[in-house]
Amino acid sequence: MLDIEKKAKGTTLIVALKGRLDTTTSPELESFLKENLDGTTELVFDLKDLEYISSAGLRFLLSNYKRMTAAGGNLTV
C-alpha cells in the first residue's frame, strides 16, 4: 500500500510517500505524477515515512529524475 500526499508551492511539487514503493505501487505513483506534474520545475519526494522501496521503486525515481532534468527541471529526494 502506498499513500501519496502532495503540496504545491508555485512551480514546486512536494510528494510525500508513506508505505511501500515497489512493483505493485509504482504504476499508481506514475499515474499520480501524470495528473499533477504539469508546470512543475522542481519535484521533491519526501520519503521519511516510506517503509520499503524495491528496485522497481528506485528505477521509478531514477527515470523521473532523468525526465525532470531533460525538461530543464530538478528532482530532489
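The set of residues in segment 49-77 that are in contact with a strand residue (DSSP E or B) (Cβ under 8 Å, 6 or more places away or on another chain), of a type outside the set (Gly, Ala, Ser) and closer than 16 Å to Leu2 by Cα comprises Asp49, Leu50, Glu51, Tyr52, Ile53, Phe60, Leu61. Being touching a Gly at 6+ places or on another chain (Cβ under 6 Å) and outside any loop (DSSP other than H, G, I, E, B) is not true of Asp49.
Among the residues making up segment 8-34, those that are among the charged types (D, E, K, R) and either within 12 Å of the chain's Cα centre (by Cα) or part of a loop (DSSP other than H, G, I, E, B) (or both) are Lys18, Asp22, Glu28, Glu30, Lys34.
Any read-out appearing in this document is the output of simple, stated calculations on the displayed coordinates, not a laboratory observation. Because the structure is predicted, anything quoted here is derived from the model rather than measured. Quick reminder, even Gly has a Cβ in these numbers, built from the backbone with ideal geometry, and neighbours come from all protein chains shown.
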